[in-house]
Every structure is written in C-alpha cells, then in structure tokens.
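The values are calculated or read from the model by the stated rules, or taken from the named source; none is laboratory data. The structure displayed is predicted, hence computed values, not measured ones. Every residue, glycine among them, receives a Cβ derived from its backbone with ideal geometry; neighbour counts consider all protein chains shown.
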Amino acid sequence: MVELEILGLMSGTSLDGLDIAHVKFSISPEKKEFKLLNFKTFEYESDCVMELRNAPTLSVIELLKLDKKIGKEFANNVNLFLEEYQIDKNNIQAIASHGQTILHQPQNGFTLQIGCGATIAYHTNLPVINDFRTMDVVAGGQGAPLVPIGDFDLFNDLAEGFLNLGGFANISLKKEEQISAFDICPANLPFNELVKELGVNFDNEGKIARTGRINSDLLSCLNDLAYYSLEAPKSLGTEWLEEFFNPVLKSFKISIEDKLATISEHIALQVAKVIAENQLQNVMTTGGGTKNRFLIERIQFHSKNKLVFMDEHISDFKEALVFAYLGVLYLLDQPNCISSVTGANENVIGGCLHKA
C-alpha cells in the first residue's frame, strides 16, 4: 500500500477561480482509495480574468509574462491554503496543477496551459507536476479528456457513466471494457458569456433561462453543428466556440433570456442523446452545471435514465481531485493518459516535474 498526499490545482475554462484540493491517496494493486482532506476555491481578480480572457490574442512576450504571473498567483494561493488549513508541507509529495488552458489545437499538434510550474515550485518550495496534456497530443491524441481515468479508478462502483457539466459537458463510459470519453457540447461557457450582458457573472440556478422561450430555429441550427456527427475521440475548446457556436448565436436577434433557454434545451438534448445511444442506466453528474436546476430538469426530462449526484464537496472539487490523482500516477510511473479515450497511439505518462 502506497500513501501519498497531493495538492490538486484546477483552473477551468469558465475562469471562476482556482480550485485547490488536498487529497490523501491509498494505492495498492487491488484498490485505489482517497480522502478529500481540505478544499477551497480562490476567485480571480477581475483584471486577472480579463487578461486570461484576452490571452489568445497576446504577443509571445506578453503571453510568457502572463504565464509567470499566473504561476505566481497559483503559488500565492497554495501558500494561503497551506496556512489556512495548517497543512505540514512535509506531508505533501507534490502539487499537481492543470494550469489555465489558453489554446487547445490537437489537430495542429499542440495544447497550451499556462501557470508556470517552475514558478509555482520555487515560490511554494514543493515539487510541481504540470503540463499533463502535451505528451498525449505528441502521441497523436486529443490531450483530452483526462478525467476519465480518475472516474473509473476512484468512482467505478457508483455509476455506469460519468457526466461533467463544466465549461463544456463531457462524459466518460466503458465500451467493451475500454474507457471511452469525449466532450459532448458546450455547457457553462456560453451561459456565462451571455449573462454578462445582463450585468451578472452567472445564471444562478438557471433562473434567467427559465424565463426565456425556446427558439426552434436557433435550436435546429445548434443541433446541426458538424461536431455532433463526429465519432469519438473528440474534444472541444474555446476556439470551436468562437468559430462555430457563437456565430450561430449572434445571427439570431432574440432576447438573452430566449438564447439561454434555447442553449439549455440544446445541451439537454445532446446529453440525453449520448446517454441513450450508450444505453447508460445511471450517470454520475458533477461540475458547476449541477447547480443549474433548470438545465438539470431539462436533461432529466429528455433522458429516462437516472442521474446520480455525489457529495457536493467532491462534485465541486472533482477535477482538482482527479488531477491530484494524475499526479499520483505520474509519481508511480504509471500511465495517466488513456489512448482509448484520447485517440493517442498508446497510453502515456503525461506531465512535467519541477523540483523545488
């Protein structure tokens, strides 16, 4: 039995903050167990959000400066976290950091997550593992999704499939004993962008969307997007939103409320279709989208299968928890990127280690 304590860091495409999870793992050939010890979200300052939102348009020099700045921000948050929860650094084997995705173009052979690992290691005096996706992309994969190995190693007895409603909706499942996973469609990202025009950061419980009316023409156009006819493995990034999804939204001169209602219906239909096609009887559902009651109601309306919800804290910090687990696999010299999920030529060990 190997026991390791890892800090998992997750900063998602929604830019709502940095999730930190302090997790203790007990690993043996027969069993993989974890205990979520401490957890907290550190919200970004508004100027930091704007910089990250504009990062894809920055010059190389500006982007490198931002990489170091975000690394320092992550390090400061880790140090505050350690102090607040009185965690002994000597008990922490490593920090496993996802970083902030700026560019994701596996078709062009690269993916970029900033938040400099060397900067985090230096300012926390702890080893840091980051850049989990690049090796998989080099091996011909999508570099995403990476969470499914955690789903099936840590939560396998709880459900047949695992749905995450984050910036994008993605699912992991098993086909003929092989793990398969892919991004289904957008989720929180278009919601958050639209409601900013109403002066709020997010649609609390989907209350604004609930007041809107579904526009059948917009719904048809969204459902007809070419991505949905592609076979897995496949993944989505903000580039896809800008090139394909957002132009469709902008072409319809309807209210924000109606757009929110229509997108909710679109997501619900796409998720329900995937659940039905894969004959999943029960699906564990996590991520910020689970707090959108209207969206969950629409998914349940279109799907006859059972949605299972886990402990709220584990749900909220699941991605940070799983990236901590990817760090464990890295330290144990075991593959943490699964080719049947990403489409890579082989399973690989993703990540770069920065020693303190």
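Within region 37-44, is even one residue in a strand (DSSP E or B), among the hydroxyl-bearing types (Ser, Thr, Tyr) and farther than 20 Å from Gln113 by Cβ? Break it down stepwise before answering.
Applying the first criterion (in a strand (DSSP E or B)) to region 37-44 yields 37-42.
Narrowing further to those that are among the hydroxyl-bearing types (Ser, Thr, Tyr): 41.
Filter again for farther than 20 Å from Gln113 by Cβ, leaving none.
Within region 37-44, not a single residue is in a strand (DSSP E or B), among the hydroxyl-bearing types (Ser, Thr, Tyr) and farther than 20 Å from Gln113 by Cβ.
Being within 18 Å of Lys196 (Cα to Cα) and either within 21 Å of the chain's Cα centre (by Cα) or surrounded by 20 or more Cβ atoms within 10 Å (Cβ to Cβ) (or both) narrows it down to one of Ala232, Ala261, so name that one. Lay out the reasoning, then the answer.
Numbers: Ala232 fails: within 18 Å of Lys196 (Cα to Cα).
After ruling out the rest, the residue left standing is Ala261.
Residues of region 146-164 being touching a Ser or Thr at 6+ places or on another chain (Cβ under 6 Å) and of a type in the set (A, V, I, L, M, F, W, C), which ones? Give the derivation first.
We begin by selecting, within region 146-164, every residue touching a Ser or Thr at 6+ places or on another chain (Cβ under 6 Å); these are 148, 151, 162-164.
Phe162, Leu163, listed by residue number.
Residues are listed down the side, and each one gets a yes or a no for (1) part of a helix (DSSP H, G or I); (2) modelled with pLDDT of 95 or more; (3) out of contact with any Asp or Glu (no Cβ under 8 Å at 6 or more places or on another chain); (4) buried (at least 23 other Cβ atoms within 10 Å of the Cβ):
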residue: Glu239; (1), (2), (3), (4): yes, no, yes, no
residue: Val271; (1), (2), (3), (4): yes, yes, yes, yes
residue: Tyr325; (1), (2), (3), (4): yes, yes, no, yes
residue: Val341; (1), (2), (3), (4): yes, no, yes, yes
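Could you say which residue among Asp258, Asp183, Asp157 is under 30 Å from Ile27 (Cβ atoms), without any contact (Cβ under 8 Å) to a residue 60 or more places away in the chain and touching a helix residue (DSSP H, G or I) at 6+ places or on another chain (Cβ under 9 Å)? Break it down stepwise before answering.
Working: Asp258 fails: under 30 Å from Ile27 (Cβ atoms); Asp157 fails: touching a helix residue (DSSP H, G or I) at 6+ places or on another chain (Cβ under 9 Å).
Result: Asp183 is the single residue among Asp258, Asp183, Asp157 that is under 30 Å from Ile27 (Cβ atoms), without any contact (Cβ under 8 Å) to a residue 60 or more places away in the chain and touching a helix residue (DSSP H, G or I) at 6+ places or on another chain (Cβ under 9 Å).
Of the residues that sit in region 278-304 and are β-branched (Val, Ile, Thr) and part of a helix (DSSP H, G or I), which one is surrounded by the most Cβ atoms within 10 Å (Cβ to Cβ)? Even if it seems obvious, please write down each step before you answer.
From region 278-304, those β-branched (Val, Ile, Thr) are 283, 285-286, 290, 296, 299; that's our starting set.
Still in the list and also part of a helix (DSSP H, G or I): 290, 296, 299.
On the way: Thr290: 19, Ile296: 20, Ile299: 26.
This residue is Ile299.
Leu82 - would you say it is in contact with a Ser or Thr (Cβ under 9 Å, 6 or more places away or on another chain) and closer than 23 Å to Val341 by Cβ? Reasoning before the result, please.
Values: in contact with a Ser or Thr (Cβ under 9 Å, 6 or more places away or on another chain): yes; closer than 23 Å to Val341 by Cβ: no.
No; evaluated as a whole, the condition is false for this residue.
Somewhere in region 278-286, is a residue farther than 23 Å from Leu194 by Cβ, free of Cβ contacts under 8 Å to residues at least 40 places away in the same chain and over 20 Å from the mean Cα position of the chain (by Cα)?
Checked against the condition, which is being farther than 23 Å from Leu194 by Cβ, free of Cβ contacts under 8 Å to residues at least 40 places away in the same chain and over 20 Å from the mean Cα position of the chain (by Cα), region 278-286 yields at least one hit.
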